[in-house]
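Shown next, in structure tokens, is the structure this report addresses.
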Amino acid sequence: MSVEIRLGVILALAACGAALAAKPPAAPAPPAFGEAVEVNVVNVDVYATDKSGDRVTDLRKGDFQILEDGKPVEVTNFEVVEGRPPATKGTQAPPASPSSATAAGAAPGGAWNLMILFDDFNMNPNSRTRAVRQLRGFLAQALAPEDRVMLVTQDVGLKVRLPFTGDQGAISRALDEIEGLAVHGVEIAHDRRQAFDNMMMIQEEALLDPDLPPCPQQIVTPAKTYAAARRQEVLRSIAGLTMMVNSLSGVPGRKAVLHVSDGLPLTPGEELFQFLFELCGGGGTSGIGHDASQPRNRGDVDLAQVYDARELGPLAYQAASQAFLDAQSYNTTKELQALAAHANAHRVTLYTLQASGLQAPDASDAGSGATDRMFQFPSIGSALRASNRESLQLLTDETGGRSILDTNDFLPGLDRLRQDFESYYSLGYTPAHSGDGREHRIEVRVKRSGVKLRYRQSYRDKPVLEKTVDRTLAALLFGLEDNPLQISVEIGEQTPGASGTVSVPIRLKIPLFKLAILNHEQAGTFEGNLRLYVATRNAEGGNSPLRQVAIPIRIPRKQVLNAMGQFYLYTLTLEMKPGQQQVALAVRDDIAAVTSYLSRSVTVGAQAASARP
């Protein structure tokens, strides 16, 4: 199933009255008066290793220096996270529920929120099988009870195969399903081979035509066509990764994406342009055995012959000067860097696993014919492998993650990924700005020589509204709840709405003693300011736009002490289409800078149908 962003429900907000209920909470706390200040702390997780790649665990606060946008800042928070209780072999964590998911997100130390994304569009069957089987064994051994893993696949679209859970049985069943899915790497290899065959056909026709030179201008057309199509496929994969990073942005705690793929080519089609470089006048073997001064006879065709187009004039494709430039016009570095910066902005670490391992795809899947030898220059296969590899490395370098490359045994690299979650330095500082919405570069230095650091290279200082929106969407997608305001939610009686919709009342019960209430002497009232955010999602994955509404609270001064032991009731009505719906709510106390995030599953339509005359 592809992920779609479309209007799945019609959303209408209506204030249906606010009143004070008489039932007090069991143990009311003192009223909250005054104004809270929201402190903005930037946390940077730093991984330190020595020259051998082993962990360095004895650094202290004074060993580190942080620079933001090139300027030193004071390290105000420092923690050494080292180890956690290992998972017991054979045990299973309970399935995730809204409350347990919240606990997982907020767990101290090395708790995981790990999304594993299988890029089925850019993998071969053997690669995916190898990756799934080793990941199954790794997850069975490495997960602790507080860890949560999500499994996602991507081909022409995205599909969540398993939401966040620590249930080993559910993870194993989902991996079984993933292992049986179709992959598209064979199709990509076929398209590449087809482009190669088309170029050789053009070359053959040119060699048979005395009016055409070898390597005519049109020989580059199949390479450009393939590269353009391949680039669009890579951009679609990048867009899918970006979407999943967005979905994780509101998940509390430490989170990471493990991208499993044969590779996203940094320069799609580069191997075909490299072939033209070798064939038509730029490679080290160019022109060998060919004398341009000697006439060619019709029928005297040797497709294994290479030529120097510089000797053939302007009618020939000048690969020596043009092939590299043509290849770079399809380069995706800028888009991959934007993805890495986006992941940093959302505090998501990217890890990559090259599923093809040491059996990296060669430039040719052909046999051993004369023309096949032309496509088996070592430089052509190297160009393809390097292009796939460099993209995976770029994503991890920028976000502080790791790449598992050039190996058929993924377990050591996966074990190092696990170590990242349980052993690191947590540095924090308070920037001079707060919520400016800008991207800021981060540099961490260490005074000890021989120590190598990994960390995210940038972050974006999100405004409060954007952070609230992110957390609301996390509640919508993953059911993650956090309820410091102790709000209770009730679903009222459904009634038929207009145009086939159903009116669903959502009642919020908010303890007043949990809110910040300010004294406004001139008005003779105590006042609070709440802001409500709501979004819905249907069973097909369609999201409604996130809406917000301000909820002012006004309490007469004479009633304020009695009111602190009561509740504020607020009802909103959603006009929704029948079916299973997920409703996410965020209630923010603007004065106290505290927000509750709630998620409820609602079956829409059954009650309303029985209410029809």
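The values are calculated or read from the model by the stated rules, or taken from the named source; none is laboratory data. On a predicted model such as this, the values are computed, not experimentally measured, just so you know. Please note: Cβ atoms are built from the backbone with ideal geometry, for glycine as well, and neighbour counts cover all protein chains shown.
Only one of Arg471, Arg456 is touching a residue at least 24 places away in the same chain (Cβ under 8 Å), under 30 Å from Ala343 (Cα atoms), part of a helix (DSSP H, G or I) and not aromatic (Phe, Trp, Tyr). Can you tell me which?
Working: Arg456 fails: part of a helix (DSSP H, G or I).
Only one candidate passes the filter, namely Arg471.
Take Lys577 and decide whether it is of a type outside the set (A, V, I, L, M, F, W, C), in the same structural domain as Glu490 (by TED's automatic domain parsing) and in contact with a strand residue (DSSP E or B) (Cβ under 8 Å, 6 or more places away or on another chain).
Answer is yes for this residue.
Counting residues that are hydroxyl-bearing (Ser, Thr, Tyr), which helices (runs of 4 or more DSSP H) fully inside the stretch 178-290 reach at least 2? If you could, list the steps in order and put the result at the bottom.
Working: elements: 185-208, 221-248, 270-279.
Passing ranges, in order: 221-248.
Quick one: would you say Glu481 is on the phi < 0 side of the Ramachandran plot and surrounded by fewer than 19 Cβ atoms within 10 Å (Cβ to Cβ)?
Details: on the phi < 0 side of the Ramachandran plot: yes; surrounded by fewer than 19 Cβ atoms within 10 Å (Cβ to Cβ): no.
No, not satisfied.
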Residue selected from the stretch 540-578 under the condition touching a residue at least 40 places away in the same chain (Cβ under 8 Å) and of a type in the set (Gly, Ala, Ser), by the criterion nearest to Gly524 (Cα to Cα): Ala563
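For (1) at pLDDT below 85; (2) assigned by TED's automatic domain parsing to the domain that holds Lys514; (3) surrounded by fewer than 16 Cβ atoms within 10 Å (Cβ to Cβ); (4) among the β-branched types (Val, Ile, Thr), each residue gets a yes or a no:
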| position | (1), (2), (3), (4) |
| --- | --- |
| Pro552 | no, yes, yes, no |
| Gln559 | yes, yes, yes, no |
| Gln582 | no, yes, no, no |
| Ile591 | no, yes, no, yes |
| Ser601 | no, yes, yes, no |
| Gly605 | yes, yes, no, no |
Hits in the stretch 165-182 - residues which are surrounded by fewer than 18 Cβ atoms within 10 Å (Cβ to Cβ) and of a type outside the set (Gly, Ala, Ser): Arg173, Asp176, Glu177, Glu179, Leu181
Cβ-Cβ under 8 Å pairs, at least 6 apart or on other chains, the stretch 500-528 side not assigned by TED's automatic domain parsing to the domain that holds Val594, far side at pLDDT 90 or above: none
Boolean, Gly428 is within 25 Å of Arg60 (Cβ to Cβ), in a strand (DSSP E or B) and modelled with pLDDT of 90 or more: yes
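Test Ser172 against the criterion of being farther than 23 Å from Ser356 by Cβ and either in a strand (DSSP E or B) or not β-branched (Val, Ile, Thr) (or both), and give yes or no. Explain how you work it out, then say what you get.
Working: farther than 23 Å from Ser356 by Cβ: yes; either in a strand (DSSP E or B) or not β-branched (Val, Ile, Thr) (or both): yes.
In short, yes.
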Among residues of the stretch 495-506, those that are surrounded by 15 or more Cβ atoms within 10 Å (Cβ to Cβ) and either small (Gly, Ala, Ser) or within 37 Å of the chain's Cα centre (by Cα) (or both), counted: 7
Members of the stretch 432-456 found to be loosely packed, with under 14 Cβ neighbours inside 10 Å, in contact with an Asp or Glu (Cβ under 9 Å, 6 or more places away or on another chain) and under 13 Å from Lys51 (Cβ atoms), listed by number: Arg448, Gly450, Lys452
Residue within the stretch 511-523 that is assigned to a strand (DSSP E or B), buried (at least 22 other Cβ atoms within 10 Å of the Cβ) and at pLDDT 90 or above present: no
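One line per residue, one yes/no per condition, for (1) among the hydrophobic types (A, V, I, L, M, F, W, C); (2) more than 30 Å from Tyr570 (Cβ to Cβ):
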residue: Arg441; (1), (2): no, yes
residue: Val444; (1), (2): yes, yes
residue: Arg454; (1), (2): no, yes
residue: Leu465; (1), (2): yes, no
residue: Asp470; (1), (2): no, no
residue: Leu476; (1), (2): yes, no
residue: Pro484; (1), (2): no, no
residue: Ile487; (1), (2): yes, no
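Looking at Glu439, Glu443 in this structure, which one is within 21 Å of the chain's Cα centre (by Cα), of a type in the set (D, E, K, R) and either assigned by TED's automatic domain parsing to the domain that holds His342 or farther than 19 Å from Val251 by Cα (or both)?
Numbers: Glu443 fails: within 21 Å of the chain's Cα centre (by Cα).
Unique residue meeting the criteria: Glu439.
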Positions within the stretch 258-281 being aliphatic (A, V, I, L, M) and buried (at least 24 other Cβ atoms within 10 Å of the Cβ), in sequence order: Val260, Leu264, Leu272, Leu276, Leu279
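Only residues that are surrounded by 19 or more Cβ atoms within 10 Å (Cβ to Cβ) and assigned to a strand (DSSP E or B): list them for the stretch 533-550, please.
Quick first cut of the stretch 533-550, residues surrounded by 19 or more Cβ atoms within 10 Å (Cβ to Cβ) only: 533-538, 543-544.
Within the stretch 533-550, Tyr533, Val534, Ala535, Thr536, Arg537, Asn538, Asn543 meet the criteria.
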